[in-house]
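Have a look at the structure below before the remarks.
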Amino acid sequence: MLELRLPRPWLVLVLLFGCGDARLGNSQAGVATTVSAVASCETLAEGESLMGVSPEGQAWVEGNGGMRRVSPDGSSTPIDARFTRSDELVGWDAGSAFVVGDNTLWRATLDGSEPVSLPPELGKPRFVCGDPRNAGGSFLVSTRGLFERREGAWLRWAIPVELLESMTIRDLQGACSGEEPVMYVEAAQSLWEARYGDAASFRELADVSEMTARGADVRIGFVALRKGTLVRFDGSTWIEIAFDEGSVTAMSVADGVLWAVVGPELYRRNRFEKWERLETATWPFPITQVESYAAGGAWLVKGGQLCHIAHPETIRVDGIRPYQRLRKEAALSFDVSGEDTTETTLGARLDGQSLAVSGAPGRWTVSGVNALEPGWHSLTLDITAPFERPHRVVKFVVEGAAGAPPQPNPDPTVYWETDIRPIYEASCAVCHGESGNQTFLGSYEAFSALGRRALELVSSGEMPPATSAVEALTSSEVSLLETWVQEGMNP
């Protein structure tokens, strides 16, 4: 075991796209429209509680009668748990969860539970993110420190020992972080940023003593509930998230979708920052817990009932999980499920390239995934339905040394001033101009700094937002932006 000494912390700037996040320039940003959603409920047994939810929507419940997994369709499967009671649970995938119980880390599955082998010098585990069975990409909080799994070894971070007792990693549906090697940690009533890799740092960001609920998300950032108000940390301070429907009593966040509870009412803010009040046929008891998941739905507890909320935008993927780390030789195939009306179709792309889709409406198989190079990859799924157009991007990484980035074209054909600036003026300036309410992107320096991220957002249809009066970029405009990025983003 090696000890990781941290260099002097350095500032990370967080830049977010979109219009109407705070109360700036959009008076309707916090107003909800009413939509119908399907709710299915069951009565919890005495002593049972909702412990966690997997990214595709499987709930893990534990009580006096033991542990069980509940699927979104309502089916329940008992878990043969060898531990007496879980202290922490991280729902990993449809059939497994990592559990801290009886001072041991376990992997609970539908076939039983087995302890995860850890070196005794790590101490007693308290919290885990990522898959500790892999050679890298996971962290463990124990009674002896914060440990990182890297290249098959456990590295101990040199952090103040007084933080350990209260330390919790705010994971992303079980993963430690997304593409950027940065994760949020809570300890001693403060929010901390742990940046790992070659430039490791651990620094205190903000006070969270007033926060009653917290969650981390790649798209939104770190979100919290403070005295009935939703706030997010923007890198330097807390910014209020517009919400005009009442004092929030509970919240949850997953994959860019924010959920808020006001007594018995449930609200959902989609990836285009539009609030919805979900109209469900459930008893009007106050909601005491809400746990959302990456596929787009949520579980809640109210009046002794465990209820699953199915949203029309829900897209489930079997075969990959968000931010999963895969070996280079891993074989991939995906089963996708969503809206099952007769007019529903699915489009799938991997890193921008179309994949073959087969199957009946609502249940598809995606094929055509060949050997993948090391590095990050994006599976993009778009469902065309009569009234909705659900969209989801699942990012994952193939381990190994990534190849060198492509070299800029020595004879560029696309330039910022003549080709890209006109696109910015027509489609981006309303929010990202000098008088807009979001990060300024009106100069070459500002736009090129986020060129690859901008390309990703417009390619997926996330920008401009669907709620904006600005039309989506045409395919030729997207191709022009892609060429500009590939050529090195010439001024």
What strands (runs of 3 or more DSSP E), lying completely within the range 75-114, carry at least 1 residues that are farther than 17 Å from PRO132 by Cβ?
76-79
Within the range 311-326, restricting to residues that are surrounded by fewer than 20 Cβ atoms within 10 Å (Cβ to Cβ) and either of a type outside the set (A, V, I, L, M, F, W, C) or in the same structural domain as THR280 (by TED's automatic domain parsing) (or both), the one that is nearest to the chain's Cα centre (by Cα) is ARG325
What do you reckon, is ALA348 within 17 Å of PHE396 (Cα to Cα), part of a strand (DSSP E or B) and either without any contact (Cβ under 8 Å) to a residue 40 or more places away in the chain or touching a Cys at 6+ places or on another chain (Cβ under 7 Å) (or both)?
yes
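For every residue, the table says whether it meets (1) of a type in the set (Lys, Arg); (2) in contact with a Leu (Cβ under 8 Å, 6 or more places away or on another chain); (3) surrounded by fewer than 22 Cβ atoms within 10 Å (Cβ to Cβ).
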position	(1), (2), (3)
THR143	no, yes, yes
VAL161	no, no, yes
LYS227	yes, no, yes
SER236	no, no, yes
Is there a residue being charged (D, E, K, R) and either part of a strand (DSSP E or B) or under 25 Å from LEU164 (Cα atoms) (or both) anywhere in the range 237-259?
yes
Somewhere in the range 205-218, is a residue within 23 Å of ALA294 (Cα to Cα) and surrounded by fewer than 17 Cβ atoms within 10 Å (Cβ to Cβ)?
yes
Please go through the range 351-367 and give me each residue that is assigned to a strand (DSSP E or B) and modelled with pLDDT under 90, ordered by number.
GLN353, SER354, ALA360, SER367
Condition first: surrounded by fewer than 16 Cβ atoms within 10 Å (Cβ to Cβ) and either free of Cβ contacts under 8 Å to residues at least 60 places away in the same chain or touching a His at 6+ places or on another chain (Cβ under 9 Å) (or both). Now tell me which residues in the range 366-392 satisfy that.
SER367, GLY368, ASN370, ALA371, GLU373, PRO374, GLY375, THR384, PRO386, ARG389
If only one of GLU329, GLU279 is over 27 Å from ARG453 (Cα atoms) and not assigned by TED's automatic domain parsing to the domain that holds CYS129, which one is it?
GLU329
Among residues belonging to the range 463-477 that are crowded, with 17+ Cβ neighbours inside 10 Å and either hydrophobic (A, V, I, L, M, F, W, C) or not assigned by TED's automatic domain parsing to the domain that holds GLU445 (or both), point out the one that is nearest to LYS274 (Cα to Cα).
MET463
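Name the residue that is farthest from the chain's Cα centre (by Cα), counting only residues in the range 438-452 that are closer than 14 Å to SER427 by Cα and part of a loop (DSSP other than H, G, I, E, B).
First pass over the range 438-452, keeping only residues closer than 14 Å to SER427 by Cα: 438, 440-442, 447.
Going one step further and asking which of them are part of a loop (DSSP other than H, G, I, E, B), we end up with 438, 440-442.
Details: GLN438: 22, PHE440: 25, LEU441: 25, GLY442: 29 Å.
Only one residue tops the list, namely GLY442.
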Residue among GLU240, GLU180, GLU186 that alone is surrounded by 18 or more Cβ atoms within 10 Å (Cβ to Cβ) and among the charged types (D, E, K, R)
GLU186
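Just for strands (runs of 3 or more DSSP E) wholly inside the range 261-326: which have at least 1 residues that are farther than 26 Å from GLN28 by Cα? Reasoning before the result, please.
Values: elements: 265-269, 275-279, 287-292, 298-302, 305-310, 316-318.
Because the criterion is at least 1 residues that are farther than 26 Å from GLN28 by Cα, the strands (runs of 3 or more DSSP E) in the range 261-326 that meet it are 287-292, 298-302, 305-310, 316-318.
Tell me yes or no: at least one residue of the range 468-484 is modelled with pLDDT under 75 and either under 24 Å from GLY178 (Cα atoms) or not in a helix (DSSP H, G or I) (or both).
We begin by selecting, within the range 468-484, every residue modelled with pLDDT under 75; these are 468-469, 475.
Subset that is either under 24 Å from GLY178 (Cα atoms) or not in a helix (DSSP H, G or I) (or both): 468-469.
Yes, the conditions are met somewhere in the range 468-484.
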Return the only residue of ALA200, ALA194 being touching a residue at least 60 places away in the same chain (Cβ under 8 Å) and assigned by TED's automatic domain parsing to the domain that holds MET167.
ALA200
Can you name every residue in the range 430-443 that is buried (at least 18 other Cβ atoms within 10 Å of the Cβ) and either outside the structural domain of VAL470 (by TED's automatic domain parsing) or out of contact with any His (no Cβ under 7 Å at 6 or more places or on another chain) (or both)?
VAL430, CYS431, HIS432, ASN437
For residues that are under 26 Å from the mean Cα position of the chain (by Cα) and closer than 14 Å to SER49 by Cα, scanning just the range 63-75, find the one that is surrounded by the most Cβ atoms within 10 Å (Cβ to Cβ).
MET67
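Can you tell which of GLY47, GLY57 is surrounded by fewer than 22 Cβ atoms within 10 Å (Cβ to Cβ), out of contact with any helix residue (DSSP H, G or I) (no Cβ under 7 Å at 6 or more places or on another chain) and part of a loop (DSSP other than H, G, I, E, B)?
Working: GLY57 fails: surrounded by fewer than 22 Cβ atoms within 10 Å (Cβ to Cβ).
After applying the criteria, what remains is GLY47.
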Contact list please: Cβ distance under 7 Å, first residue in the range 296-320 and at negative phi, second residue buried (at least 22 other Cβ atoms within 10 Å of the Cβ) and hydroxyl-bearing (Ser, Thr, Tyr), pairs at least six apart or on different chains.
GLY297/THR314; ALA298/SER252; ALA298/SER292
Matching option when the condition is within 22 Å of GLN438 (Cα to Cα) and over 22 Å from the mean Cα position of the chain (by Cα), among ASP244, ASP234, ASP255
ASP244
Being out of contact with any helix residue (DSSP H, G or I) (no Cβ under 9 Å at 6 or more places or on another chain) and surrounded by 19 or more Cβ atoms within 10 Å (Cβ to Cβ) is the filter; apply it to the range 1-38 and report the residue that is modelled with the lowest pLDDT.
ASP21
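The values are calculated or read from the model by the stated rules, or taken from the named source; none is laboratory data. Not measured: the values here are computed from a predicted model. Counting neighbours? That spans all protein chains shown, and the Cβs are built from the backbone with ideal geometry, glycine included.
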